[in-house]
Amino acid sequence: AHTVPVDLARLRFHSLAILHLLSSESIQLVPMRLSALTVQQVNAAESAERILTQDLSKRLSIAEIAREMGVSETSLKNWFRAVFGKNISSYLRDHRIAEAKRLLHETTLPISAISTAVGFENQSKFTQMFKKYCGLTPSAIASDDKRNRLSDFLDDATAPAFPSSTTSNPISSACTHS
């Protein structure tokens, strides 16, 4: 009966020691799904991801990429899923949608150009996919952004050059001589 508190104390001590080690910056945990992969396999998956996302307008074949890398298509697909947590087509779809959203928000490109830039040959399919995953059509986002940009422009254009009448106008004070 006397050894139980000692065992609990040791257990508590070792638990705290493990927690301290895990929280230190010197320990880098590898996700479980990556632990079964070699460095070369992880590098192959990352290389494939770079190739696939470098130019989204190009529709590259996984078989072609695997062949060029000297690995089997099945292996590449398995490594990709292990590294990125999704199959290649889901990853690419998500990447295409994210890039389309960025282009819609940051540019004034027509939707047809954005559709092509992110790898959709058919603007209708792009619109369907976009709406399915974003809840809005690309044109709704583009027109909303256009309204916001116009509103910001108009606010800037109609804003007084100097915020208040109590603030001296540096131009008029520089032009008046007494």
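The values are calculated or read from the model by the stated rules, or taken from the named source; none is laboratory data. Note that this is a predicted model, so its numbers are computed, not measured. For neighbour counting, all protein chains shown are included, and Cβ atoms are generated from backbone atoms with ideal geometry for every residue, glycine included. Please note that ligands, DNA and RNA were not included when accessible areas were found on the heavy atoms of the full protein model with its side chains. Shrake-Rupley method; radii C 1.70, N 1.55, O 1.52, S 1.80 Å.
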| note | Residue count, the stretch 67-115, condition of a type in the set (S, T, N, Q), open to solvent by less than 40 Å² (accessible area, probe 1.4 Å) and over 27 Å from Q40 (Cβ atoms), comes to 2
| said: Condition check: out of contact with any Pro (no Cβ under 9 Å at 6 or more places or on another chain), at pLDDT below 90, surrounded by 10 or more Cβ atoms within 10 Å (Cβ to Cβ) and not polar (S, T, N, Q). Does R12 satisfy that? | reply: yes
| message | Only one of L92, L60 is of a type in the set (A, V, I, L, M) and in a helix (DSSP H, G or I). Can you tell me which? | response | L92
| note | Restricted to the stretch 115-133 and to residues being in a helix (DSSP H, G or I) and either at pLDDT below 90 or polar (S, T, N, Q) (or both), the residue farthest from S57 (Cα to Cα) is Q128
| remark: Pairs returned, first residue in the stretch 48-59 that is touching a residue at least 40 places away in the same chain (Cβ under 8 Å), second residue that is assigned to a loop (DSSP other than H, G, I, E, B) and hydrophobic (A, V, I, L, M, F, W, C), beta-carbon separation under 7 angstrom, 6 or more apart or interchain, are L52/L60; L56/V118
| field | Hey, I51 surrounded by 15 or more Cβ atoms within 10 Å (Cβ to Cβ), under 30 Å from A140 (Cα atoms), at pLDDT 95 or above and under 21 Å from the mean Cα position of the chain (by Cα) or not | value | no
| Just one of the numbered conditions (1) open to solvent by 70 Å² or more (accessible area, probe 1.4 Å); (2) at pLDDT 95 or above is not true of L19; which one? | (2)
| note | Within the stretch 135-146, residues being in a helix (DSSP H, G or I) and either at pLDDT 90 or above or of a type in the set (A, V, I, L, M) (or both) number 5
| remark: Flagged in the stretch 91-113 as touching an Asp or Glu at 6+ places or on another chain (Cβ under 9 Å) and within 11 Å of P138 (Cα to Cα), in numbering order, are L104, H105
